[in-house]
Amino acid sequence: MRPDEYACTADYWIWFNYKDSVQDPLENVEIINAKQTAYTDQYHTKDLKGMLVANESGRVTLTHNWELENYPFDKQSFNIQVEAGLDTSKMVLVPCERPFRIYKDLNMPGWTILSSKINQRLVTYDSDFGESRLHGRSTFSRIIYVVNAKRNGWGLFFKLILGVYVSFFVAYLVFFLPPANEQRFSLSLGALFAAVANKYVTDSNIPTSISFSFIDQVHVFTFVFILATLVLSVISLRIDKSGKHKKSKDFNRLCIWIVPAAYFMLNAVLILLADNG
């Protein structure tokens, strides 16, 4: 798994059943979304029905567009795209009647495999690749092996976000102090700087994404709530300075209940949305 390089690595075993001994599929089929490939254990034989069999194992580094908007609750669709090196007039790839299977002892730490499938399609290029008989267009057969997986992100989530939760809790403590206490503003400001620092630390430890991700959302609305504690402290102080001490205390009591309830409800909504993809 290499999100920063837009890549992932896969080990696989692939085989072909065919009739034309002149066109060896191992030599005329390529993985078109591969950055690097390494093949081993090539083998040719005949089956009991007289069909030719060619198979090999391989390790391939695949290009992969990591969808990280919901990180660390993201789901990924990994795929290996196998395409014939000869146009459809010479070679057509057809999936095996038996289903595509994942090795039962495969271990992907931190991930749960959700499903796997095979997609078959024809791809047309606006080029004849030098073969004039194709008249400027050529069509090739492609099979795509897809594995859908979900990251087990709860442990990682709390590692990334614990600092910002602590910052909010520190800011929340201002409502337990008297309105005229100067420590209220110090607590809120200190919590805000701590939350911003946690954002920079988090950004340096998670995969880069140009989208406004779930982790970004949690940090931003925490900044807003910490700033809200500052604003509410100012309002409470102004009420107290006007001589309405009881009203100021009642305002604080109201904030003690409303602020954390709103914060944690919004947290729950964002987490549910991210976890459900």
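The values are calculated or read from the model by the stated rules, or taken from the named source; none is laboratory data. Note that the structure is predicted; figures quoted are calculated from it, not measured. Reconstructed Cβ throughout: ideal geometry from the backbone, glycine too, with neighbour counts over all protein chains shown.
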Would you confirm whether any residue within the range 214-229 is under 30 Å from Tyr71 (Cα atoms) and in contact with an Asp or Glu (Cβ under 8 Å, 6 or more places away or on another chain)?
yes
Which members of the range 117-143 meet the condition of being among the hydrophobic types (A, V, I, L, M, F, W, C) and part of a strand (DSSP E or B)?
Ile118, Leu122, Val123, Phe140, Ile143
Checked the range 31-59 for anything under 29 Å from the mean Cα position of the chain (by Cα), modelled with pLDDT of 90 or more and over 30 Å from Thr208 (Cα atoms); matches are Ser57
Scanning the range 223-270 residue by residue, those buried (at least 17 other Cβ atoms within 10 Å of the Cβ) and of a type in the set (Val, Ile, Thr) turn out to be Ile226, Thr229, Ile239, Val259
Is it true that some residue in the range 136-145 is outside the structural domain of Val259 (by TED's automatic domain parsing), modelled with pLDDT of 90 or more and among the small types (Gly, Ala, Ser)?
yes
Are any residues in the range 197-229 closer than 23 Å to Asp4 by Cα and among the β-branched types (Val, Ile, Thr), and if so, which ones?
Val201, Thr202, Ile206, Thr208, Ile210, Ile215, Val218
Would you check which residues across the range 145-162 are touching a helix residue (DSSP H, G or I) at 6+ places or on another chain (Cβ under 9 Å) and surrounded by 18 or more Cβ atoms within 10 Å (Cβ to Cβ) and list them?
Gly153, Phe157, Leu160, Ile161
For the range 166-202, how many residues are at pLDDT below 85, loosely packed, with under 14 Cβ neighbours inside 10 Å and not small (Gly, Ala, Ser)?
2
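Would you check which residues across the range 68-116 are among the hydrophobic types (A, V, I, L, M, F, W, C) and part of a loop (DSSP other than H, G, I, E, B) and list them?
Answer for the range 68-116, where residues must be among the hydrophobic types (A, V, I, L, M, F, W, C) and part of a loop (DSSP other than H, G, I, E, B): Leu68, Phe73, Leu86, Met91, Val92, Leu93, Val94, Cys96, Phe100, Ile102, Leu106, Met108.
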Pairs please, first residue from the range 214-242 and aliphatic (A, V, I, L, M), second anywhere and surrounded by fewer than 19 Cβ atoms within 10 Å (Cβ to Cβ) and outside any helix (DSSP H, G or I), Cβ atoms under 7 Å, 6+ apart in sequence or on different chains.
Ile215/Ile206; Leu237/Ala180
Inside the range 232-247, can you point out the residues that are at pLDDT below 85 and outside any loop (DSSP other than H, G, I, E, B)?
Asp240, Lys241, His245
Unique match (being among the β-branched types (Val, Ile, Thr), in contact with a strand residue (DSSP E or B) (Cβ under 9 Å, 6 or more places away or on another chain) and within 19 Å of Ile113 (Cβ to Cβ)) among Val60, Val94, Val53, Val29:
Val60
Restricting the search to the range 85-143, which residues are aromatic (Phe, Trp, Tyr) and surrounded by 12 or more Cβ atoms within 10 Å (Cβ to Cβ)?
Phe100, Trp111, Tyr125, Phe140
